[in-house]
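What follows is a set of notes on a single structure, which appears directly below.
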Amino acid sequence: MIKDLILMNGYGVYVWSSFIITLFTCVAVYLKTLKTLKKYEKEFASEIEKLSVEKKKIVLKNSKIAPQVLSSYNKTL
Amino acid sequence: MFNIFHNSNLFKWIEKLIYFINSIFFILLLVALSFALILSPADYLQGDSVRIMYVHVPAAWIGLASFSFIALLSLINFIFKIKYFSLITKSIAPIGLMFTCIAIITGSIWGQPTWGTFWAWDARIISMSILAFFYFLFICVHKLFSDQEIADRISSIIAIFGAINIPIIKYSVNWWNTLHQPASIKILGSSTIHSSMLLPLFLMFFVLILYCALIFLMKYKTEIIRIKKKNLKRL
């Protein structure tokens, strides 16, 4: 049964290569996107850290997004 | 009117949606792959090579739908200047390019056992390659121009101009005598494909749409953070 699944009556090489190319591309794009997201989260967090205490308070108070980015970044640490 | 799409409103949902999709994705992927590779029947004429359809057709649908959506949002953005629409189009474009390329490559692989060649100067294949070229141009504009407004304007023109290619792709198999078969699945009218093949096809389509949503949300989140980071530097 496994041999039939792999060979697919001679079409296995075409079918499996199509599925493998698709899955490999999807995984590669997912990992690249995740890496870029984490990089920007990290850079954003370090930019916040560089701010003076007053500015930091203002940013965290006025921005809806900044606290969420920081909490998301802290979760990954 | 478009406040629901505003970054601060969307951002709180992005994290939840990413978590939700991640939690159900692998189970759905396994079910869809089981149907596509094992449970669905072989075609009476094409044999098991028909299984390539389960990645080729959804990839082509996504490639076409993404560009249509980009063109629509670009047109609205061009007229009404809604900035976060350009963020959405910028986040969708790489996904559309990826699936257009997958459709071309898997179609080429399918062509070898079916037509006896990997490539033919066929109207459908050429129009799909032109679509990939428009995606490439759209992405390049955003990479090349540092001024966001200029990049948005040029990319909008590319998307609107490229939308002319969408009906050409759709009707190329009817307008010209091509190697590519006419559409088996029709929105209006009855489909010429059996339900035992339709189910895995729609399952794979659903899984790939979920994947697109996941990548889009991650890219959109990255874009928002990038903008917020720029604003921080201005303080």
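None of the figures in this text is laboratory data; all of them are computed from the coordinates on show. Bear in mind that the values here come from a model prediction, so they are computed numbers and not experimental data. Here the Cβ positions follow ideal geometry from the backbone for every residue, glycine too, while neighbour counts run over all protein chains shown.
List every residue whose amide H lies under 5 Å from the amide H of B:Leu179, counting only residues 5 or more places away in sequence or on a different chain, with H placed 1.01 Å from N in the peptide plane.
Amide H neighbours of B:Leu179: B:Ala123.
Can you pull the mean other chain C-beta count within 10 Å for peptide A:33-40?
Mean number of neighbouring Cβ atoms from other chains: 5.
Just to be sure I understand the model, the point goes 7 Å from the Cα along the line to the Cβ. What's the resulting B:Ser146 to A:Lys55 distance in nm?
2.1 nm
Taking +1 at the Cβ of each Lys and Arg and -1 at the Cβ of each Asp and Glu, which of B:Ile126, B:Pro182, B:Phe161 sits farthest along the dipole of chain B towards its positive end, judged by Cα position relative to the Cα centre?
In chain B, that residue is B:Phe161.
What shape does region B:1-121 have by the C-alpha gyration tensor, where a ≥ b ≥ c are the square roots of the eigenvalues, rounded means a/c under 1.5, and otherwise prolate means a/b greater than b/c and oblate the rest?
oblate
Using the C-alpha atoms of the protein assembly as shown, what convex hull volume per residue, in cubic angstrom, is computed?
Taking the convex hull of the Cα positions in the protein assembly as shown, it is 152 Å³ per residue.
Can you run phi through the Karplus equation (6.51, -1.76, 1.60; θ = phi - 60°) for region B:82-93 and list ³J(HN,Hα) in whole Hz, with x for Gly and Pro?
Listing the rounded values in order: 9, 4, 6, 5, 5, 5, 5, 5, 4, 7, 7, 3 Hz.
When the expected Rg is taken as 2.2 N^0.38 Å, what fraction or multiple of it is the alpha-carbon Rg of region A:2-76?
Dividing the Cα radius of gyration by 2.2 N^0.38 Å gives 1.99.
Assuming R0 = 35 Å, what is the FRET efficiency of B:Ala120 and A:Leu34, from their Cβ-Cβ distance, to the nearest 0.05?
With R0 = 35 Å, the Cβ-Cβ based efficiency is 0.40.
Each label point is 7 Å from the Cα along the Cα-to-Cβ direction; what then is the distance between the points at B:Ser129 and A:Ile21, in nm?
Computed distance between label sites B:Ser129 and A:Ile21 equals 1.4 nm.
Sorting check: for B:215-228, B:119-132, which peptide has the highest mean count of neighbouring beta carbons within 10 Å, and how do the rest follow?
So the order, starting with the most tightly packed, is B:215-228, B:119-132.
Work out from phi, with θ = phi - 60° and the Karplus expression 6.51 cos²θ - 1.76 cosθ + 1.60, the ³J(HN,Hα) of each residue of region B:52-62, listed in order in whole Hz, and give x for Gly and Pro.
4, 3, 5, 10, 5, 5, x, 4, 5, 4, 5
For B:35-42, what's the mean count of beta carbons from other chains sitting within 10 Å of each residue's beta carbon?
2
Treat each spin label as a single point 7 Å out from the Cα along the C-beta direction, and report the A:Asp4 to B:Ile209 distance in nm.
So the label points at A:Asp4 and B:Ile209 sit 3.3 nm apart.
For region A:2-18, what does the Karplus curve 6.51 cos²θ - 1.76 cosθ + 1.60, with θ = phi - 60°, yield as ³J(HN,Hα) per residue in whole Hz, taken in order and with x for Gly and Pro?
Couplings: 5, 4, 5, 5, 6, 7, 6, 6, x, 9, x, 4, 6, 5, 5, 5, 4 Hz.
Can you tell which of B:Leu30, B:Leu179, B:Leu45 shows the greatest fluctuation in a Gaussian network model of chain B with Cα springs below 10 Å?
Comparing B:Leu30, B:Leu179, B:Leu45 in a Gaussian network model of chain B, the most mobile one is B:Leu45.
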